Every structure is written in structure tokens, then in C-alpha cells.
1. If you take just the strands (runs of 3 or more DSSP E) that sit entirely in region 1-112, which of them hold at least 1 residues that are surrounded by fewer than 16 Cβ atoms within 10 Å (Cβ to Cβ)?
2. Can you confirm whether region 147-165 contains a residue that is within 30 Å of Val32 (Cα to Cα), under 21 Å from the mean Cα position of the chain (by Cα) and of a type outside the set (Phe, Trp, Tyr)?
3. Across region 327-338, what is the number of residues that are touching a strand residue (DSSP E or B) at 6+ places or on another chain (Cβ under 8 Å) and surrounded by fewer than 18 Cβ atoms within 10 Å (Cβ to Cβ)?
4. Report whether or not Met135 is at pLDDT below 95, on the phi < 0 side of the Ramachandran plot and assigned to a helix (DSSP H, G or I).
5. Given the structure, is Pro278 modelled with pLDDT under 95, under 27 Å from Phe19 (Cβ atoms) and open to solvent by 30 Å² or more (accessible area, probe 1.4 Å)?
6. Within region 125-154, track down each residue that is free of Cβ contacts under 8 Å to residues at least 40 places away in the same chain, among the charged types (D, E, K, R), touching a helix residue (DSSP H, G or I) at 6+ places or on another chain (Cβ under 7 Å) and open to solvent by 50 Å² or more (accessible area, probe 1.4 Å).
7. Does region 62-80 include one or more residues that are within 30 Å of Arg264 (Cα to Cα) and within 17 Å of the chain's Cα centre (by Cα)?
Amino acid sequence: MQRNQPAPLLEVDNLHCHFFTLDGVVRAVDGVSFSLQRGETLGIVGESGCGKSVTAMSILRLLPKGLGRIVDGSVKLEGRELTTLGDADMRSMRGHQVSMIFQEPMTSLNPVLTVGLQIAENVERHLNVGRKAAMERAVEMLRLVKIPDAERRVNDYPHQFSGGMRQRVMIAIALSCNPQVLIADEPTTALDVTIQAQILDLMLELKQKLNTAIIMITHDLGVIAETAQRVLVMYAGRKVEEAPVVELFQRPLHPYTQGLMRARPRLDVEAEEQGRRPRLQEIQGMVPALNRPILGCAFAPRCGYATDRCRSEAPGLTEPVPGHLVACWEATKIAGMGHA
């Protein structure tokens, strides 16, 4: 923690989450640490299977029982340890102090209950109010997320809403008890570009109104650039880079982060002038299997900078630039070369 910086709202320290399967122990999250300040948006990015969603589910202790488990590490909300909290206290905390917007609203919403009842259920459970007051809060939340004719639509079912409107309902449920932390897990994946922009604008507007801290989980670097103040890059269950958003985009120091940058779609003016369409640069190779020991740097088999040391010794996090953490033996060399 930097000097004079307030105590974090949320602290995740050396988190290890394992899945115990017939094929062995899968180390889905392998020693991840980060903090979150009040009113801040932290972006978590990486390929599918890198551990982003499992990290989020671990904070809320929503890992499937009997299969997934936190085996080491700490998760603290305002100094209160969540990993050892009793089940009743965790249920009280979920949806109240920490809420989550899941990836697919059509499967996350109950198809046989009206959206109003689904919002009211959360309000009744956590705010200790009656059904009438809870339904009034449901209408208020639908208005807040800009669903037209909220008084009537509160009685509609999920299938009567479009994809974008269902996602607004999910946001309404998540924010109905004014949580301190909102975890958004790929909240715009199933939406078209126009609706995606509206949802992101809505989340930022609500964040300013409610001073809610947000963890934005996505594979879309464009979303991160628009919403986050800091970015955490994950690969194979580990944190490989963390920096303020402008710093990360201007000077990515990990080869994996550079690969993600090169793989994003860009408007290449020079290529268009030459009458050809630029080809996206994919990251060659495969993500390593997480049910087997990984010697050295997990990204070494796919990295053009890898040395013998990279293949035999796992790099720890260093801070070559103030506030910019990276786990790479060659980070100093990469920093000196710059990034196109």
C-alpha cells in the first residue's frame, strides 16, 4: 500500500483456489493478490480459463461445493476476513455488501418469477423490509437503470425483455441494496456494440451516484480502457502484470500483455489507405494445463523473449516503474525496447 493512501475496501492476498477433479488438482487461481479502493474500478483481463471468474467467485465463496475450494490466502472486506466467515454471515454479505453481475442474464434470472419479485426478494432478505416496500424499491431500481414504464414492467417476466434490458435488470438486482463492491463478470459479452456502450455508460453513471467500487472482469481491452482506473492481467491462474490503465496501455511490460494488445481489433489507417485489411496477430501456442506442475514462467512456451531461466524458474512480481508490477525476468529489457 502506498503511503498516505487510505486502507483498501477489499484486499485479496495470495489467493489459491483449487478444483479437485478425476484428472487431478486444477490450480485455477495460483497466488493472486490485489486491493480495491472505494469508488475505484479495477479491470481484470486475460484469455478464457486464466482464472478471472474463479477469482471473483472465490471472493463471494460461490465455488461449487465438493469440487472447488480456497486452499490458501485471504480475502478481507473492510478488514473482515471472508474466507473463514460462517455460511449464514456469507449469505448476509452476498447481494448486500458485495454483489455480482453474471455473464448471461437469461440463465441467471429465474424464468418463472417476475423481475420485480426477483429484485424485491434481494431487498427483503437484506434490508429487512416488507413486500410492499420491497416492490416499491424494485420499481425505483428499474427507473434507476433506465427501463421505461417501470411501474408496469416490474410485473413482466425475463423472456419479455430484450438482452440489453435483461442485463439492466441484473444490474438493478445487484445494486438494489447499495453494495460497497460490485463484481461485473463479462457484463456485456452477449450484447451488440450499441447496447454494450449503453450498459457501460449506465454502470459508470451508477458508480458515480453510489460510490460503488467495481471489479470489471472481461477479455475486452476496449471495455477496460473505457471503464477502469487500474488493470490486473492474469495468465494461467497467476497475476502477471498490474498497472494504472493509461500506463498499461502506453507501456505494457509483460510479453503476454503485449500479445493481448496486438490481438485486439484496430482501425489501421495506413493499411486502409493501401487497400488491404490488417490481420490480427494471434498469440501462438496453448495455455498450459493447470492440473500439472508448471516449471518456470507459465508463458515461457509461447514467449519470444524466453530464456533458459524463464523455463526453469518462475519470476516473482517486481516494480520496474512506480505502481507498475510485472512478473517477467526480461521486463527491464522489454521496458528499454519500448512498445509499438
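The values are calculated or read from the model by the stated rules, or taken from the named source; none is laboratory data. Keep in mind that what you see is a predicted model, and the values were worked out from it rather than measured. Because the Cβ atoms are built from the backbone with ideal geometry, glycine has one as well, and the counts that use them run over all protein chains shown. Note: accessible area is taken over every heavy atom of the protein model, side chains too, but ligands, DNA and RNA are not part of it. Shrake-Rupley method; radii C 1.70, N 1.55, O 1.52, S 1.80 Å.
1. Details: elements: 10-21, 24-36, 41-45, 68-77, 98-101.
Correct list: 10-21, 24-36, 68-77.
2. Let us first name the residues in region 147-165 that are within 30 Å of Val32 (Cα to Cα), namely none.
No - not one qualifying residue is present in region 147-165.
3. If we filter region 327-338 for residues that are touching a strand residue (DSSP E or B) at 6+ places or on another chain (Cβ under 8 Å), which is where we start, we get 327-328, 331-332, 335.
Then keep just the ones that are surrounded by fewer than 18 Cβ atoms within 10 Å (Cβ to Cβ); that gives 332, 335.
Of the residues in that region, 2 qualify.
4. Numbers: at pLDDT below 95: no; on the phi < 0 side of the Ramachandran plot: yes; assigned to a helix (DSSP H, G or I): yes.
For Met135, the condition - at pLDDT below 95, on the phi < 0 side of the Ramachandran plot and assigned to a helix (DSSP H, G or I) - is not met.
5. On the way: modelled with pLDDT under 95: yes; under 27 Å from Phe19 (Cβ atoms): no; open to solvent by 30 Å² or more (accessible area, probe 1.4 Å): yes.
No; evaluated as a whole, the condition is false for this residue.
6. The initial filter retains those residues of region 125-154 that are free of Cβ contacts under 8 Å to residues at least 40 places away in the same chain, namely 125, 128-143, 147-153.
Add one more test, that the residue is among the charged types (D, E, K, R), and what stays is 125, 131-132, 136-137, 140, 143, 149, 151-153.
Those still in the list that are touching a helix residue (DSSP H, G or I) at 6+ places or on another chain (Cβ under 7 Å) too: 131, 137, 143, 151, 153.
Selection gives Arg131, Arg143, Glu151.
7. Filtering region 62-80 for residues within 30 Å of Arg264 (Cα to Cα) gives none.
No, every residue in region 62-80 fails to be within 30 Å of Arg264 (Cα to Cα) and within 17 Å of the chain's Cα centre (by Cα).
Residues are listed down the side, and each one gets a yes or a no for (1) in a helix (DSSP H, G or I); (2) modelled with pLDDT of 90 or more; (3) of a type in the set (S, T, N, Q); (4) open to solvent by 80 Å² or more (accessible area, probe 1.4 Å):
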{"position": "Arg292", "(1), (2), (3), (4)": "no, yes, no, yes"}
{"position": "Ala298", "(1), (2), (3), (4)": "no, yes, no, no"}
{"position": "Tyr305", "(1), (2), (3), (4)": "no, yes, no, no"}
{"position": "Glu319", "(1), (2), (3), (4)": "no, yes, no, yes"}
{"position": "Leu325", "(1), (2), (3), (4)": "no, yes, no, no"}
{"position": "Ala340", "(1), (2), (3), (4)": "no, no, no, yes"}
